[in-house]
Amino acid sequence: MRANGWRGVSRARRTPRTTESDPAAARGPDLVGRLWRVPAPNRLVVADFTYVPMTCGFGYTAFVVDAYAGLIPGWECSLTKDTAFVQRALRHAAAYRARQGHPFDETIHHSDAGSQYTAMHFGETLMLAGLQPSVGTVGDALDNALCETTIGLYKTECIRDGSPFRTGPIRTLTDLEDITSAWVSWYNTRRLMHRLARRPPAEIEAEYFARLQAGKHTGHP
């Protein structure tokens, strides 16, 4: 690396605060207990959002991540971090699964205790999408470590200066959406994941659903 002038990419510490809990909000129980491994897609999704430095201020990107293979079925970018912003990411995830023919059905939705995720309107959106709320403890990143890891990859691979997904400064919401869309598509379909034996998330999910369909035809589980 020294001979070629290369240096590793480090994950910089985040400075803007994104998680702000609402002490008055009713919160769902923690149904996960940091047990992120699940035997199938649609059993557990995790959600969080992060800030993105722009030329003027900050933007925000929310993710919904399926715990089985780490696939991202839903995401959303915004210039404000309100409840409607994370609701849109959730609706996109539900629509993605519905288009696949695998809608959410009592799927656990795990998030941190941010006010956006404990708001009454967000709880209604969860229920309508076929999801059960699960909320980690306040101020403990390990209680949502799986989504934090995905966000770390996004910040390192997509948002940093010099990222191959960037063509210049992030000036507008459209700029942010364009690079995020390109990264999510690559991440889902082409990124080789160590925990998946160097295969991409979409490939692992497709293999699972193919086995499931074959089992239905043969009458075997």
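Values quoted throughout were computed directly from the atomic coordinates according to the rules given, and no laboratory measurement underlies them. The shown structure was predicted, so the numbers you read here are calculated from the model rather than taken from an experiment. Don't worry about glycine lacking a Cβ; one is built from the backbone with ideal geometry, like all the others, and counts go over all protein chains shown.
Quick look at the numbers
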quantity	calculated
Fully extended contour minus Cα-Cα distance, from W186 to R43, at 0.36 nm per residue	49.1 nm
Cut-off under 5 Å, modelled amide H: who pairs with A113 long-range	G136, G139
Separation between Cα centres of the range 166-202 and the range 79-107, rounded to whole Å	18 Å
Pairwise FRET efficiency - A3 versus L173, Cβ, R0 = 35 Å, nearest 0.05	0.25
Under-5 Å amide H pairs with G59, H placed in peptide plane, nonlocal only	V52, M54
L153-R211 pseudo-label distance in nm [points 7 Å out on the Cα-to-Cβ vector]	2.0 nm
Gained length - H102 relative to R34, 0.36 nm times residue gap less alpha-carbon distance	22.0 nm
Extension reserve of the A84-A145 stretch, reckoned as 0.36 nm per residue once the Cα distance is removed	19.6 nm
³J(HN,Hα) computed for each position of the range 151-156 - Karplus, 6.51 cos²θ - 1.76 cosθ + 1.60, integer Hz, glycine/proline x	5, x, 5, 4, 5, 7
D (Stokes-Einstein, µm²/s), Kirkwood Cα radius, the range 25-142, 0.692 mPa s at 37 °C	229 µm²/s
For the range 44-218, Kirkwood radius (reciprocal of mean inverse C-alpha pair distance, Å)	16.8 Å
